[in-house]
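One structure below.
Rule-based calculations on the coordinates, nothing more; no lab input. The model shown is predicted, which means the values in this text are computed figures rather than measured ones. Neighbour counts are summed over all protein chains in view; Cβ atoms, including those assigned to glycine, are modelled from backbone coordinates with ideal geometry.
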Amino acid sequence: MGKGAHSYLDDPRNAAVKVWINGELYPRAEAKVSVLDSGFVLGDGVWEGLRVHKGKIAFLDRHLDRLEEGAKALDYQLGLTREELTRALYDTLEANDMLNGDGVHIRLMTTRGLKATPYQDPRVTISPATIVILPEWKTPDPKVAEKGLRLFTVHVRRGYPDVQDQKLNSHSKINCITACIQATKAGADEALMLDPHGFVATCNSTHFFIVRKGEVWTSTGDYCLGGVTRGVIIEICRQAGIPVFEKNFTLTQVYSADEAFTTGTFAGLVPVTEVDGRRISDTRGPMVEHLQALYREKIEAE
């Protein structure tokens with residue numbers, strides 16, 4: 001199930017999962033929000049994807065930092081302290097017997113709340129924020145980490161922050177969805193997106209890196225989400241003495257790279273074998289394999 005870096009193994013246990021909505025647990029089939037919710041009407045809200053490893057949520061503080069910053073930027077109150085939200089996350093895991101297992105992914109979703117009428121003005125919001133915790137048994141497809149991804153560079157750009165700030169992990173993902181559609185129609189697994197100046201920015205749902213002559217490169221980060229896993233990989237490289245650079249680079253430098261990979265909370269590091277029909281590598285390269293091992297060690301330390 002799933003596609004690209006988010007391919008996963010289907011798990012029948014998910015049919016019986018309990019979903020946390022504003023303090024109450026509901027069977028998955030009965031978990032609903034109103035048609036007047038800000039998230040449904042307008043995509044007005046921010047969210048996080050969280051990975052559970054050995055009963056612990058990996059890099060939780062970093063994710064909650066980003067969530068709180070996003071809600072503050074959109075000028076709405078989550079209505080829960082960090083401690084209350086953390087407790088709700090772990091209570092939901094416990095209610096689903098997930099505290100002793102791996103292969104669990106959580107979608108933590110927040111919106112501005114209910115609207116009096118389906119209109120964009122935040123002043124017609126009539127309830128506190130809506131908060132949803134949706135946990136799933138969701139293991140990345142191991143074949144993807146071995147065989148790698150094929151990317152296609154799309155015409156949809158990561159734009160200027162005065163149009164849509166890419167630092168907001170908002171529910172409004174139509175630019176990424178449009179990019180994903182174009183890449184899919186081209187027969188690729190995921191989209192590679194450029195910034196307004198034509199430099200490589202990121203993928204539609206993951207972050208992008210290349211390896212050239214022993215160096216690891218990623219974009220400046222000016223036109224992409226502040227990825228948690230992206231940041232962890234940069235830290236890992238620096239700690240391991242691997243030269244890593246956040247810089248502008250072009251498709252020419254991508255096509256001639258020694259290796260390439262994507263990063264994300266769900267699948268970790270996934271090798272990229274092809275971009276726009278250009279073969280980058282036939283298999284997972286030595287740098288990707290090394291970084292995958294270091295990333296696993298980092299999660300264990302967490």
Taking H as built 1.01 Å from N, whose amide H comes closer than 5 Å to the amide H of D44, not counting residues under 5 places away? G39
What Kirkwood hydrodynamic radius do you get for region 152-192 when you take the inverse of the mean 1/r over all pairs of distinct Cα atoms, in Å? 10.7
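Express the Stokes-Einstein translational diffusion coefficient of region 4-138 in µm² s⁻¹, to the nearest whole number, given a Kirkwood radius over alpha-carbon pairs, 10 °C and a viscosity of 1.306 mPa s.
Values: Rh = 15.5 Å.
This corresponds to a translational diffusion coefficient of 102 µm²/s.
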Per residue, what volume in Å³ does the convex hull of the Cα atoms of region 143-301 enclose? 109
Given the peptides 14-22, 76-84, 215-223, arrange them by the average over their residues of other C-beta atoms within 10 Å, most packed first. 215-223, 14-22, 76-84
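Per DSSP helix of 4 or more residues, -39500 (n - 2.57); summed, then divided by the residues of the chain. What does that give at 222 nm, rounded to the nearest 500? Walk me through the intermediate numbers first.
Working: 8 runs with 85 residues, N = 302.
Result for the chain: -8500 deg cm²/dmol, rounded to the nearest 500.
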For q = 0.11, 0.13 Å⁻¹, Debye-computed log10 I/I(0) when each Cα of the chain counts as one equal scatterer: -0.69, -0.96
Going by average Cβ neighbours within 10 Å, how do the peptides 263-272, 148-157 rank, with the highest at the top? 263-272, 148-157
Return the sequence-ordered ³J(HN,Hα) values of region 166-181 in whole Hz as given by the Karplus equation 6.51 cos²θ - 1.76 cosθ + 1.60 applied to θ = phi - 60°, using x for Gly and Pro. 5, 6, 7, 8, 8, 5, 7, 10, 5, 5, 5, 5, 4, 4, 4, 4
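Considering only the other residues whose Cβ falls under 15 Å of the Cβ of E274, what net charge follows from Lys and Arg at +1 and Asp and Glu at -1? Spell out each step's value before the answer.
On the way: positive: K147, R150, R278, R279, R284; negative: E146, D189, E190, D258, E259, D276, D282.
Summing Lys and Arg as +1 and Asp and Glu as -1 gives -2.
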Anyone know which of R66, R112, R28 comes out most mobile in the 10 Å Cα GNM of the chain? R28
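At 0.36 nm per residue, and after removing the present C-alpha to C-alpha distance, how many nm does the segment from R107 to K247 gain when stretched out fully? Don't jump to the answer; show the numbers that get you there.
Working: separation 140, 0.36 × 140 = 50.40 nm, distance 3.07 nm.
Length gained between R107 and K247: 47.3 nm.
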Can you pull the one-decimal nm distance between simple spin-label points at D75 and A301, each 7 Å off the Cα toward Cβ? 4.1
